[in-house]
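Each reported figure results from applying straightforward, stated rules to the coordinates on display, with no laboratory input. Since we're looking at a predicted model, the values are computed, not measured.
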Amino acid sequence: MADGKVHAQDSRVLAVAAGVGGTLVFQNFVAGAFIALGTLSGIYITPDLDVDGWIHSKRAIVNAHAVFGYLWFGFWFPYSRAIKHRHWLSHAPIVSTLIRVAYLGAIPFAVLYVTKTAVPDIAQDAFVLWVTGLMVSDVAHWARDGFPI
């Protein structure tokens, strides 16, 4: 089972590979960039956010962004209490990614819904590519942890 530093390094390496792969598949550099950004996001939006205490990603955000890091830690605290570590809801590829994305996006989605603001198709496409990249990172995390579940 790998620690947070190893998972972060995997996400960095995979971001390059996924970005290049996305660029080649879609024949569009911007599409590849959004996939790469999603994969890099796996460093901070990790399956290990279900851990109740300080983990590598939380500590890295606090060290880099001080106050925002503590807000990030607080934001994920209810999630870490609701889901046990290594539960399939937090570690199963695709399912757990979508759960974390939904948790992260609940407030912006509610604001868009209440204000009846339409999201342009291009933003929706970029979001799907970003989530795809995050799933790449999550699959690597799951594999590095020895396929728990």
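Here are the numbers for this structure:
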| read-out | value |
| --- | --- |
| Inter-part distance where region 32-88 and region 96-136 are each reduced to a Cα centre, Å | 17 |
| Reachable lysines from Lys5, criterion Cα separation under 23 angstrom, eight or more residues apart if same chain | Lys58, Lys84 |
| Coarse-grained scattering of the chain at q = 0.18, 0.19, 0.20, 0.21 Å⁻¹, given as base-10 log I(q)/I(0) from a Debye sum over alpha-carbon atoms | -1.11, -1.20, -1.28, -1.35 |
| DSSP H segments from the chain that extend 30 Å or more along their own axis, Cα-based, with Kyte-Doolittle mean of 0.0 or above | 4-26, 121-144 |
| Contour excess over end-to-end distance, with Cα ends at Arg81 and Val20 and 0.36 nm allotted per residue | 18.3 nm |
